[in-house]
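All remarks here apply to the structure that follows.
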Amino acid sequence: MTKIKVGIVGTGFIGPAHIEALRRLPNVEVAALCEVTIELAEAKAKQLGIPRWYTFDELMKQDDIECVHICTPNFLHYSQSKAALLAGKHVVCEKPLAKDLHEAEELVELAAKSGKVNAVHFNLRYYPLVRQMKTMREKGDLGDVYSIIGSYLQDWLFYETDYNWRLEPDKSGDSRAIADIGSHLMDIIEYITGLKTVEVMADFNTVHPTRKKPLKAIETYSGKMLQPEDYADVNITTEDHANVLLRFDNGNRGSITVSQVSAGRKNQLKLEISGSKKTFAWNSEAPNEVWLGNRDQANQVLMRDPSLAYPEASAIMTFPGGHNEGFPDTSKQLFKEVYAAIEQGKQPEKPSYPTFADGYRELLICEKILESTRKQAWVKI
Ligand code: SOE
């Protein structure tokens with residue numbers, strides 16, 4: 001069997017997560033990586049056990065590399081995805097797809113013209129019980145959606161001494177908490193319910209208007225290791241915390257809260273979707289169970305188990321019930337669907353995985369949320 005050769009662009013927090021997930025697929029070989037300098041590329045390749053290493057431009061010239069994964073800071077996603085498509089490669093890009101809507105639009109068009117497979121790493125869709133909730137809704141088990149309450153809370157930016165490139169708008173964009181984690185939440189809300197968000201009213205807060213920037217380079221989540229003398233003061237303009245009211249295209253309402261300064265909440269997405277038949281409640285920190293709330297009978301807890309779920313959801317489970325699956329499995333399941341398409345050589349008409357068009361949609365929602373907090377008014381999407 002010839003395996004599909006893949007190149008990884010960027011090796012911070014998420015690049016190695018892509019590598020691990022790809023290594024669990026039988027039809028894929030992680031053949032190369034690239035970094036900003038050839039020295040760093042070599043060091044990372046040796047550390048991660050990757051046989052070939054390059055700078056970005058050199059990686060693009062490798063004809064045997066069929067697909068690249070863009071795992072760099074946000075401001076590079078557009079130029080690197082564009083270059084990869086122009087070099088004739090399939091592209092899996094981290095979210096957000098680009099820094100603004102114009103860039104994202106261009107990528108959607110370019111990808112469509114190229115016919116190459118394009119995907120965005122909205123991996124939370126691949127928690128099996130997220131797919132189960134979507135399938136239950138499609139089969140009518142939820143009924144009409146009455147209300148949605150969501151939150152995504154983290155604490156890795158809790159202290160003013162916590163720092164990362166995501167705090168710098170020129171690298172990350174003008175929104176932070178909403179773009180970084182609110183985007184996942186907004187994506188799975190639309191994915192599960194099938195509704196479109198049509199209007200938003202947002203209120204942002206920057207809890208730490210000044211932060212202490214480390215004087216040496218650090219990677220996502222590793223700032224906890226620094227000492228006080230290693231910092232300089234920096235003004236922060238992006239949000240640590242945001243509340244957003246939502247109106248959906250069925251006329252009903254919802255709200256989300258996102259925060260990167262909630263002590264003890266490491267990486268918790270919670271969702272409560274109430275319909276005319278029941279309520280779904282799910283928490284990403286305990287992803288192997290979903291609570292099903294009923295008005296006229298006892299509430300239920302459905303555990304992730306391929307023998308209990310709809311086939312659409314058990315298709316993305318590898319292990320039996322009680323053998324918990326988590327964050328690393330989500331990327332594996334997403335890539336499994338992406339590489340099935342790559343085997344066919346082109347983007348399918350109706351991809352099962354999130355595409356550049358979904359990346360565009362998320363940027364559009366985030367941009368409207370930003371506009372709303374600036375105007376302190378409802379904004380239509
Ligand atoms: C950082 O906040 C981050 O890594 C996000 O960028 C991811 O999308 C999410 O998985 C966890 O947190």
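The values are calculated or read from the model by the stated rules, or taken from the named source; none is laboratory data. Only a predicted model underlies this, so the values are computations on that prediction, with no experimental measurement involved. Note that we place each Cβ from the backbone using ideal geometry, even for glycine, and neighbour counts take in every protein chain shown. The protein model used for the area step is the full one, side chains on, heavy atoms only, and it has no ligands, DNA or RNA in it. Shrake-Rupley method; radii C 1.70, N 1.55, O 1.52, S 1.80 Å.
Residue by residue, here is whether (1) more than 25 Å from ALA179 (Cβ to Cβ); (2) in the same structural domain as ASP174 (by TED's automatic domain parsing) holds:
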| residue | (1), (2) |
| --- | --- |
| LYS44 | yes, no |
| ASP63 | yes, no |
| SER79 | no, no |
| LEU86 | yes, no |
| LYS113 | yes, no |
| GLN132 | yes, yes |
Name the residue that is farthest from SER183 (Cα to Cα), counting only residues in segment 253-276 that are open to solvent by 50 Å² or more (accessible area, probe 1.4 Å) and more than 16 Å from the ligand (Cβ to nearest atom). SER276
If we keep only residues of segment 14-41 that are outside any helix (DSSP H, G or I) and over 24 Å from GLY88 (Cβ atoms), then the residue farthest from the chain's Cα centre (by Cα) is THR37
Any residue at all in segment 207-220 that's touching a residue at least 60 places away in the same chain (Cβ under 8 Å), farther than 21 Å from PHE327 by Cβ and open to solvent by less than 40 Å² (accessible area, probe 1.4 Å)? no
Quick one: how many residues across segment 1-28 are more than 16 Å from the ligand (Cβ to nearest atom) and open to solvent by 70 Å² or more (accessible area, probe 1.4 Å)? 6
Taking segment 39-70 on its own, how many of its residues are in contact with a Lys or Arg (Cβ under 6 Å, 6 or more places away or on another chain) and β-branched (Val, Ile, Thr)? 2
Look through ALA286, ALA298 and report the one residue that is open to solvent by 30 Å² or more (accessible area, probe 1.4 Å) and more than 24 Å from GLY143 (Cβ to Cβ). ALA286
Out of curiosity, is ASP180 in the same structural domain as GLU239 (by TED's automatic domain parsing), crowded, with 17+ Cβ neighbours inside 10 Å and farther than 19 Å from PHE280 by Cα? yes
Looking at TYR126, TYR159, which is the one that is among the hydroxyl-bearing types (Ser, Thr, Tyr) and within 21 Å of LYS332 (Cβ to Cβ)? TYR126
Just to check your reading of the model, which residue among SER183, SER175 is in a loop (DSSP other than H, G, I, E, B), within 16 Å of the ligand (Cβ to nearest atom), within 24 Å of ALA98 (Cβ to Cβ) and within 22 Å of the chain's Cα centre (by Cα)? SER175
Meets criteria (surrounded by fewer than 22 Cβ atoms within 10 Å (Cβ to Cβ) and either among the hydroxyl-bearing types (Ser, Thr, Tyr) or within 16 Å of the ligand (Cβ to nearest atom) (or both)) for GLY49: no
A careful count of residues in segment 186-195 that are closer than 21 Å to ASP100 by Cβ and within 13 Å of the ligand (Cβ to nearest atom) gives 2
Can you tell me how many residues in segment 323-381 are assigned to a helix (DSSP H, G or I), in contact (Cβ under 8 Å) with a residue 24 or more places away in the chain and of a type outside the set (A, V, I, L, M, F, W, C)? 18
Condition first: touching a Phe, Trp or Tyr at 6+ places or on another chain (Cβ under 9 Å) and under 21 Å from LYS270 (Cα atoms). Now tell me which residues in segment 95-120 satisfy that. LYS95
How many residues are assigned to a helix (DSSP H, G or I) and touching a residue at least 60 places away in the same chain (Cβ under 8 Å) if we restrict to segment 42-74? 1
Residues of segment 137-172 that turn out to be more than 12 Å from the ligand (Cβ to nearest atom) and in contact with a strand residue (DSSP E or B) (Cβ under 7 Å, 6 or more places away or on another chain), as a count: 13
Just the residues that are farther than 30 Å from GLU325 by Cα and either within 16 Å of the ligand (Cβ to nearest atom) or in contact (Cβ under 8 Å) with a residue 12 or more places away in the chain (or both), please, taken from segment 113-126. SER114, GLY115, LYS116
Extreme residue, surrounded by the fewest Cβ atoms within 10 Å (Cβ to Cβ), among residues of segment 129-144 that are of a type outside the set (S, T, N, Q) and not in a loop (DSSP other than H, G, I, E, B): GLU138
